[in-house]
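Report on one structure; see the data block that follows.
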Amino acid sequence: MRFSRPERNRPSRGMTLIELTMVVLIIGILAMVAAPRHRGSLAHFRVEAAASRIVADLEWARQTARTSGVNQTVIFDQVANTYSMATTPDPDHPTTNLSVDLSTSGYPVSLTRADFDGEDQLTFDLNGRPLAGTALTPLVNGEIIISSGSRQRTVVVEAATGHARIQ
C-alpha cells in the first residue's frame, strides 16, 4: 500500500504574466483618461499665475509712484510677449529695469491684448492714479488679456483707483 503525501496549499509567491499585463493595461488606461485633464489644469494654473504676477507688478508700480513721487510707467509689448517698467529697478537685478517675458517665465502664456484707451502703456502718477498712453490722459478703460491653450484671463485696471484685479 502506498501512502501519498497530502498536498499543501502554498500561497502564490508572485504574479503570473497575465496578471502583470492586466495591471499595466489598467494603469495605462487610467493615465490616458487623466492626461487631458492634467493638460487643462496646467493651462489654468499658468494663466492664473501669470495674471497674479501682472496684478502684483501693477500694484507695485502704483505704490512705487505714490511713495517715490515719481510717475511709474508699465509698457506692454504684445509682439515680444513682454512688459517692462522703465523707471522701476528689477528687485533681483537692481542695476537693470524690471522686464518680464511672459513666454519664458515660470508660467509661459501669451499676451493676447494690452489696451489702455487704445495705448499699450500705463502710467501711475504720484497719487497712484492711472494714466493712459504717452499723452498721460486719465485712464477710462484698461485691460490685459493673457492666454494659454484654451484658457484665458483678463486683468482689469480700475480707472478711478488704479487698482488691478483679475476678472
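Quick notes on this structure:
- Scope segment 51-86; condition out of contact with any Asp or Glu (no Cβ under 9 Å at 6 or more places or on another chain) and among the β-branched types (Val, Ile, Thr); matching residues: ILE54, VAL55, THR64, THR67, VAL70, THR73, VAL79
- When segment 123-167 is limited to residues that are in a loop (DSSP other than H, G, I, E, B) and β-branched (Val, Ile, Thr), the one that is farthest from ASN71 (Cα to Cα) turns out to be VAL140.
This table checks each residue for (1) over 17 Å from the mean Cα position of the chain (by Cα); (2) free of Cβ contacts under 8 Å to residues at least 12 places away in the same chain; (3) exposed (fewer than 13 other Cβ atoms within 10 Å of the Cβ); (4) under 18 Å from ILE166 (Cα atoms).
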site	(1), (2), (3), (4)
VAL74	yes, no, no, yes
THR88	yes, no, no, no
THR112	no, no, no, yes
ASP115	yes, no, no, yes
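- Candidate set from segment 90-110 (those that are in a loop (DSSP other than H, G, I, E, B) and among the charged types (D, E, K, R)); member that is nearest to HIS163 (Cα to Cα): ASP90
- Matching residues in segment 102-122 - criterion: being under 19 Å from VAL157 (Cα atoms) and touching an Asp or Glu at 6+ places or on another chain (Cβ under 9 Å): LEU111, ARG113, ALA114, ASP115, PHE116, ASP120
- Selection of segment 121-146 for residues being surrounded by fewer than 17 Cβ atoms within 10 Å (Cβ to Cβ) and under 25 Å from the mean Cα position of the chain (by Cα) yields ASN141, GLU143.
Every number in this text was worked out from the coordinates using simple rules, so none of it is lab data. Keep in mind the model is a prediction, meaning the values are calculated, not measured. Methodologically, a virtual Cβ is constructed for each residue, glycine included, from the backbone with ideal geometry; neighbour enumeration extends over all protein chains shown.
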